[in-house]
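The values are calculated or read from the model by the stated rules, or taken from the named source; none is laboratory data. Everything numeric here is computed off the predicted structure, so don't read it as measured data. Using ideal geometry, Cβ is built from the backbone for each residue, glycine included, and neighbour counts are taken over all protein chains shown.
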Amino acid sequence: MLIKPPIDIAPSGITSEAAFHARRRFVKALALGAGASLVPPGTLANAPYEGKTSERGEALTPEEIITSYNNFYEFGTDKGDPARYAHEMTIEPWTVEVRGRAEKTGKFALEDVTKGLVEEERIYRFRCVEAWSMVVPWTGIPMAKFLAQFEPKGSAKYVRFTTLHRPSEMRGQRALFSGIDWPYVEALRLDEAYHPLTLMVTGVYGKPLPNQNGAPLRLMVPWKYGFKSVKSIVQIAFTERQPRNTWNILAPQEYGFYANVNPEVDHPRWSQATERRLPSTLFNPNRIPTLPFNGYGEQVAELYAGMDLRRYY
Ligand SMILES: Nc1nc2c(c(=O)[nH]1)N[C@H]1C(S)=C(S)[C@@H](COP(=O)(O)O)O[C@H]1N2
Ligand SMILES: [Mo]
């Protein structure tokens, strides 16, 4: 596994002394580890997180919050359920099936679909449709590179991602009244999937992705609401027509296909104009304005040129 240093590792501007030394340690570790290959996917050796921020200078959400406050309905609907029960899911071995409009289809071992692909660290804002948000240092493979290895055909216009369906290990899938028609599915237009910001995530905070965050592979599209970022992916399908997605099937009036973060289009039951940036408490709610496309408009707005974003929500 090749490891590329985080893109914002270059010393720039004013840095705290601790962060400076942490960076030096990291650069040293990189130098020592150059050519080493015994690093599990999702691992960035000794990545320094002290004093790290997003490109807008926002502090990272603590790792303990990112890995204990989750949505992963396969393990229950309480925010604590995934951290409590996701260890019951076996992630080794892991197989990914590729089907549809591509030259290379079939069943592949996880090692074979990540082999030779360079992982990067990306610090992204992450905004749930429920109006809470985090700033997360993800590790992952640019989705364009991940998908290109399957050689999608010209007729492929969308890509659909499907989560593991294994009721014996996912107690939420055994629940009688879950409402969701398992497995959880999500999809993107192929040009959205190929956008340089879109990531196939394998890790967080420099470590392999914990099960509750969607190990071993999950989608990340930082300008869209969190429900698009489907977890624990076992199938990828290239399609000509727009696939349905789980939350759109469940409540089409509330959740669309596009799900671009948009402070001007409210959820029918609550406002999307602001968000609670975690950590958020009763006394310090940390409520901040929500930005169009979650602050990534400059990079992605052109994908939707000419589209009525109230209609295509
Ligand atoms: N398979 C699956 N993927 C899923 C979900 C889910 O319930 N099942 N929840 C989604 C929602 S609503 C959000 S906000 C994010 C939460 O990701 P996190 O727990 O890593 O913060 O995962 C998304 N991916
Ligand atoms: Mo969400």
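Across segment 198-243, the qualifying residues are those that are more than 16 Å from ligand 2 (Cβ to nearest atom) and among the charged types (D, E, K, R), and the one among them that is farthest from Arg127 (Cα to Cα) is Glu240.
Quick grid of which residues meet (1) within 14 Å of ligand 1 (Cβ to nearest atom); (2) within 28 Å of Trp247 (Cα to Cα); (3) surrounded by 20 or more Cβ atoms within 10 Å (Cβ to Cβ):
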| residue | (1), (2), (3) |
| --- | --- |
| Pro48 | no, no, yes |
| Lys104 | no, no, no |
| Glu111 | no, no, no |
| Ser133 | yes, yes, yes |
| Thr139 | yes, yes, yes |
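Here's the yes/no breakdown for (1) in contact (Cβ under 8 Å) with a residue 24 or more places away in the chain; (2) of a type in the set (S, T, N, Q); (3) closer than 23 Å to Tyr49 by Cα; (4) buried (at least 24 other Cβ atoms within 10 Å of the Cβ):
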site: Thr202; (1), (2), (3), (4): yes, yes, yes, yes
site: Gly206; (1), (2), (3), (4): yes, no, yes, no
site: Gly214; (1), (2), (3), (4): yes, no, yes, yes
site: Leu217; (1), (2), (3), (4): yes, no, yes, yes
site: Lys224; (1), (2), (3), (4): yes, no, no, yes
site: Glu240; (1), (2), (3), (4): yes, no, no, no
site: Arg244; (1), (2), (3), (4): yes, no, no, no
site: Pro252; (1), (2), (3), (4): no, no, no, no
site: Phe257; (1), (2), (3), (4): yes, no, no, no
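Residue check: is Ala148 of a type in the set (A, V, I, L, M) and surrounded by fewer than 23 Cβ atoms within 10 Å (Cβ to Cβ)? Yes; evaluated as a whole, the condition is true for this residue.
Of all the numbered requirements in (1) within 16 Å of ligand 2 (Cβ to nearest atom); (2) within 26 Å of Glu92 (Cβ to Cβ); (3) at pLDDT below 95, Gly179 misses one, and that requirement is (2). Could you look through segment 54-88, keep only residues that are acidic (Asp, Glu) and part of a loop (DSSP other than H, G, I, E, B), and pick out the one that is farthest from ligand 1 (Cβ to nearest atom)? Checking each candidate, the answer is Glu55. Do we find that Ala273 is modelled with pLDDT of 95 or more, small (Gly, Ala, Ser) and more than 13 Å from ligand 1 (Cβ to nearest atom) in this structure? Answer is yes for this residue. Among the residues of segment 157-180, those that are of a type in the set (Ser, Thr, Tyr) and either in contact with a strand residue (DSSP E or B) (Cβ under 6 Å, 6 or more places away or on another chain) or in a loop (DSSP other than H, G, I, E, B) (or both) comprise Tyr158, Thr162, Ser168, Ser178. Taking segment 242-258, which residues are touching a helix residue (DSSP H, G or I) at 6+ places or on another chain (Cβ under 9 Å) and charged (D, E, K, R)? Within segment 242-258, Glu254 is the sole residue that qualifies. Only residues that are hydroxyl-bearing (Ser, Thr, Tyr) and buried (at least 19 other Cβ atoms within 10 Å of the Cβ) were counted in segment 72-102, giving 2.
When you scan segment 187-197, do you find a residue that is surrounded by fewer than 24 Cβ atoms within 10 Å (Cβ to Cβ), more than 16 Å from ligand 2 (Cβ to nearest atom) and within 29 Å of Asn286 (Cα to Cα), even just one? Yes: segment 187-197 contains one or more residues that are surrounded by fewer than 24 Cβ atoms within 10 Å (Cβ to Cβ), more than 16 Å from ligand 2 (Cβ to nearest atom) and within 29 Å of Asn286 (Cα to Cα). With respect to the numbered conditions (1) over 21 Å from Tyr73 (Cβ atoms); (2) in contact with a His (Cβ under 9 Å, 6 or more places away or on another chain), which one is the sole condition not fulfilled by Tyr184? (1) is the only condition that Tyr184 fails.
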